[in-house]
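Student: Let me give you the structure first, and then I'll get to my questions.
The values are calculated or read from the model by the stated rules, or taken from the named source; none is laboratory data. Computed from a prediction, not measured in an experiment: that's the story for all the values here. Every residue, glycine among them, receives a Cβ derived from its backbone with ideal geometry; neighbour counts consider all protein chains shown.
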Amino acid sequence: MTLAALVKQAAFDALKQLYPDTAIEYSSVTVNQTKPEFSGDYTVVLFPFLKLLRQKPDAIGKQLGDHLLGRTELFASYDIVAGFLNLTIKDSYWSTFLLNHYTQTNFGHQCKGDCRVMVEYSSPNTNKPLHFGHMRNIFLGAAVSEILKANGKQVVKANLINDRGIHICKSMIAWEKTANGATPESAGVKGDHLVGDYYVRFNDLYKAEVTEMVAAGKDEKAAEKEAPIMLEAQEMLRKWEAGDKEVRALWEKMNGWVYKGFDDTYRKMGVSFDKMYYESNTYLLGKKIVEDGLRKGVLFRKEDGSVWIDLKEDGLDEKLLLRGDGTSVYITQDLGTAKLKYEDYKLHQSVYVIADEQNYHIQVLKLILSKLGEPCANGIYHLSYGMVELPSGRMKSREGTVVDADDMMAEMIALAQEQTEAAGKTTGFSGDELRKLYETIGLGALKFYLLRVDPKKKMIFDPKESIDLHGYTATFIQYAHARICSILRKEDIPIVPDASRFQSFHQREPLLKLEKEMILHLEQYPGILAEAGAEFNPASLCNYAFRLAQLFNSFYDAHSISKAENQEKKELRLMIAIMAASVMRHSMGLLGIRMPEKM
RNA sequence: GGUCCGGUAGCUCAGUUGGAUAGAGCAUCAGCCUUCUAAGCUGAGGGUCAUUGGUUCGAAUCCAAUCCGGAUCACCA
């Protein structure tokens, strides 16, 4: 139980005992952290009880304050200011808390329970390399997976690869026509980039053909439909579906290049998956679900043989589930994969990390599954995030305006190097250590930048302005962590010391403001972690860790640790520093951001 | 047009089930390195919380209407 909850419970119990004849609801008790301009740690708001108790706020505050002080060991004093009861927690509570937890490396972690959750993220198409928008998806998915694990869930990280369809055929056609057999090795280009280049090439060729046909007097719409290269791509897709050996061989070869490229990118990003799904295996699923639905009468067939569901009652429209020729559409596959995932892992919850442009699609998916009585329907959660846009608008891979993921990571690492060198902080590192440090700083900054914003908000990224390494950044937190490690090195204390080290510690002097603020903030971590899990929001961890680092920097500036006033203070501050570093590592670790010991 | 999401400082964003004088970072300005790492610290300026009305002891937060921006409403995926 968090301290805030403890205070709330204590206040509620006290009110019940003080006013047994009045029905006070638990939810009407509001406990906040006391504003810094007042003395106290947690505040009970008295206004909600005025009418109920027919007393003045000061009177209620006094009775409540006295009662709390007399009956519990938690509070040292109270103060009433204009309807607010400000409670001060006993110093001994804080030092005991610190002593109990400062060496705990998994503070805030929940024990593993029975709840099985799948988080599907990344889910790329195989016709082009990953870009900045994918990075938001991937870092979000990876972070949420770790946060859920820390909250005791059993997590399966899944990636559904869209490895078939017209888009990959476009790359294949362009490659056949213009590549002269080029491979990633022969061209010296990463596989996913090579395939992406031919996807762009296809569009160039296509546009040229359309322009030519229009110039020859063709209607533009007709030209777009009849351009020979487009017809070839469509023919290739038909051949693929028919299992044509040559087409399949080329498809496998080019997808293989892409996977190799993706693997590199994923490794660099520091993310991984427990389960890969491929649309080439799953795109035919779902038909059976549709047949069942027809039998149950939930779905209906039109004269042309196409199958539909009527969602008008739910404020939506009729939705197609099978074409007249019996082939499936996008949502049909998704029905199938939803069920497949559910059955593969006996899931309680299935999280889809998908951009908000698909809100409607997921809504329809859930609705159909629930109308069909599929048990997987209830567990679907759409972690909907806003698109990443350029100042000029959306990124379009066809037009080559994307910010490439590999480039972006390389740039961030280079920026980290540049700034480290400019600050003259390269001494004492080996070449290898420096390379690792630049990666830690560069990728940390990138991940933090993408995760610090509420997922559902869209974000605008200006490639001309590089991502900052000052202020509200991962670098700031890393720096605070490195400072702590530096102190510990000098004091010859390991980063995770033995719990017995300060066992003899006794609190004699009162806590200073910043000392207490640090401990108070540390105590709140489990609550923040639980909230981040409940809301699928890594940004709350960013906020929390930044605030922790900020507090530590002020604390560090105001009070010397190694040259503390006395041994007691020194031990106390060391414990605070040790625990702060540990919580920074834990929280940022969940986001895939490493904390260097030296920088 | 329907549905959904957003609108808070010059910019990027926090802001808990409604609680005290709305907070950070960047940018600007003024200070702080002989003292545990200045990628830092301290301070200043900067606000019609889109608008209007309502609910109430109290609203950035809840409700209604309006305005602006975005997404979506395919026999594409």
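Student: Answer yes or no as to whether A:Leu437 is within 12 Å of RNA strand B (Cβ to nearest atom), assigned by TED's automatic domain parsing to the domain that holds A:Gly471 and either closer than 14 Å to A:Leu469 by Cα or over 20 Å from the mean Cα position of the chain (by Cα) (or both).
Tutor: Answer is yes for this residue.
Student: Also, I was wondering about something else. Any chance you could count how many residues in segment A:481-500 are among the charged types (D, E, K, R) and either within 10 Å of RNA strand B (Cβ to nearest atom) or surrounded by 19 or more Cβ atoms within 10 Å (Cβ to Cβ) (or both)?
Tutor: Looking only at that region, the number is 4.
Student: Checking A:Asp454 against (1) near RNA strand B (Cβ under 9 Å from one of its atoms); (2) in a helix (DSSP H, G or I), which test does it fail?
Tutor: (2)
Student: Among the residues of segment A:378-385, are any aromatic (Phe, Trp, Tyr) and free of Cβ contacts under 8 Å to residues at least 60 places away in the same chain? First the steps, then the outcome.
Tutor: Keep residues of segment A:378-385 that are aromatic (Phe, Trp, Tyr), which gives A:381, A:385.
Now narrow it down to the ones that are free of Cβ contacts under 8 Å to residues at least 60 places away in the same chain: none.
Scanning segment A:378-385, I find no residue that is aromatic (Phe, Trp, Tyr) and free of Cβ contacts under 8 Å to residues at least 60 places away in the same chain, so the answer is no.
Student: Can I ask one more? Return the residue satisfying two criteria in turn: it lies in segment A:375-410 and is over 25 Å from A:Gly270 (Cα atoms) and among the small types (Gly, Ala, Ser), and of such residues it is nearest to the chain's Cα centre (by Cα).
Tutor: Among those residues, the one meeting the criterion is A:Gly379.
Student: Has segment A:355-365 got any residue that is hydroxyl-bearing (Ser, Thr, Tyr), within 13 Å of RNA strand B (Cβ to nearest atom) and surrounded by fewer than 18 Cβ atoms within 10 Å (Cβ to Cβ)?
Tutor: Checked against the condition, which is being hydroxyl-bearing (Ser, Thr, Tyr), within 13 Å of RNA strand B (Cβ to nearest atom) and surrounded by fewer than 18 Cβ atoms within 10 Å (Cβ to Cβ), segment A:355-365 yields at least one hit.
Student: Let me ask something else. Kindly check whether there is at least one residue in segment A:232-247 that is among the aliphatic types (A, V, I, L, M), over 17 Å from A:Ile166 (Cα atoms) and touching a helix residue (DSSP H, G or I) at 6+ places or on another chain (Cβ under 6 Å).
Tutor: Start the filter on segment A:232-247 by keeping residues that are among the aliphatic types (A, V, I, L, M), which leaves A:233, A:236-237, A:242, A:247.
With the extra rule that they be over 17 Å from A:Ile166 (Cα atoms), the set shrinks to none.
So far as segment A:232-247 goes, no, none of its residues is among the aliphatic types (A, V, I, L, M), over 17 Å from A:Ile166 (Cα atoms) and touching a helix residue (DSSP H, G or I) at 6+ places or on another chain (Cβ under 6 Å).
Student: Provide a single number: the residues in segment A:307-331 that are in contact with a Leu (Cβ under 9 Å, 6 or more places away or on another chain), near RNA strand B (Cβ under 7 Å from one of its atoms) and closer than 22 Å to A:Glu279 by Cα.
Tutor: Summing the residues that are in contact with a Leu (Cβ under 9 Å, 6 or more places away or on another chain), near RNA strand B (Cβ under 7 Å from one of its atoms) and closer than 22 Å to A:Glu279 by Cα in segment A:307-331 gives 1.
Student: Also, I was wondering about something else. If you scan segment A:560-569, which residues turn out to be surrounded by 16 or more Cβ atoms within 10 Å (Cβ to Cβ) and at pLDDT 95 or above?
Tutor: Scanning segment A:560-569 gives a single hit, A:Ile561.
One line per residue, one yes/no per condition, for (1) part of a loop (DSSP other than H, G, I, E, B); (2) more than 14 Å from RNA strand B (Cβ to nearest atom):
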| site | (1), (2) |
| --- | --- |
| A:Phe502 | yes, yes |
| A:Ala545 | no, no |
| A:Phe552 | no, no |
| A:Ser560 | yes, no |
| A:Glu565 | yes, no |
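Student: Next question, about the same structure. Within the bounds of segment A:462-480, is there any residue that is touching a residue at least 12 places away in the same chain (Cβ under 8 Å), within 8 Å of RNA strand B (Cβ to nearest atom) and more than 25 Å from A:Phe132 (Cβ to Cβ)?
Tutor: yes
Student: Please indicate, with yes or no, whether at least one residue in segment A:81-92 is within 30 Å of A:Ile495 (Cα to Cα) and crowded, with 22+ Cβ neighbours inside 10 Å.
Tutor: Yes, because at least one residue in segment A:81-92 is within 30 Å of A:Ile495 (Cα to Cα) and crowded, with 22+ Cβ neighbours inside 10 Å.
Student: Shifting gears a bit: Could you check segment A:30-45 and list, in sequence order, the residues that are assigned to a loop (DSSP other than H, G, I, E, B), surrounded by 14 or more Cβ atoms within 10 Å (Cβ to Cβ) and within 8 Å of RNA strand B (Cβ to nearest atom)?
Tutor: Residues satisfying the conditions are A:Thr30, A:Thr34, A:Gly40.
Student: Anything in segment A:551-578 that is more than 19 Å from A:Tyr102 (Cα to Cα) and under 30 Å from the mean Cα position of the chain (by Cα)? List them, or say none.
Tutor: Once the filter is applied, which keeps residues that are more than 19 Å from A:Tyr102 (Cα to Cα) and under 30 Å from the mean Cα position of the chain (by Cα), segment A:551-578 yields only A:Ser554.
Student: Between A:Gly113, A:Gly152, which is over 18 Å from the mean Cα position of the chain (by Cα) and not in a helix (DSSP H, G or I)?
Tutor: A:Gly113
Student: List pairs: first in segment A:36-53 and more than 24 Å from A:Thr2 (Cβ to Cβ), second of a type in the set (A, V, I, L, M, F, W, C) and surrounded by 21 or more Cβ atoms within 10 Å (Cβ to Cβ), Cβ under 7 Å, 6+ apart or cross-chain?
Tutor: Correct list of pairs: A:Leu53/A:Ile60.
Student: Tell me the residue from A:Tyr78, A:Tyr19 that is more than 30 Å from A:Phe505 (Cβ to Cβ), more than 10 Å from RNA strand B (Cβ to nearest atom), crowded, with 16+ Cβ neighbours inside 10 Å and not assigned by TED's automatic domain parsing to the domain that holds A:Leu514, please.
Tutor: That would be A:Tyr19, the only listed residue that is more than 30 Å from A:Phe505 (Cβ to Cβ), more than 10 Å from RNA strand B (Cβ to nearest atom), crowded, with 16+ Cβ neighbours inside 10 Å and not assigned by TED's automatic domain parsing to the domain that holds A:Leu514.
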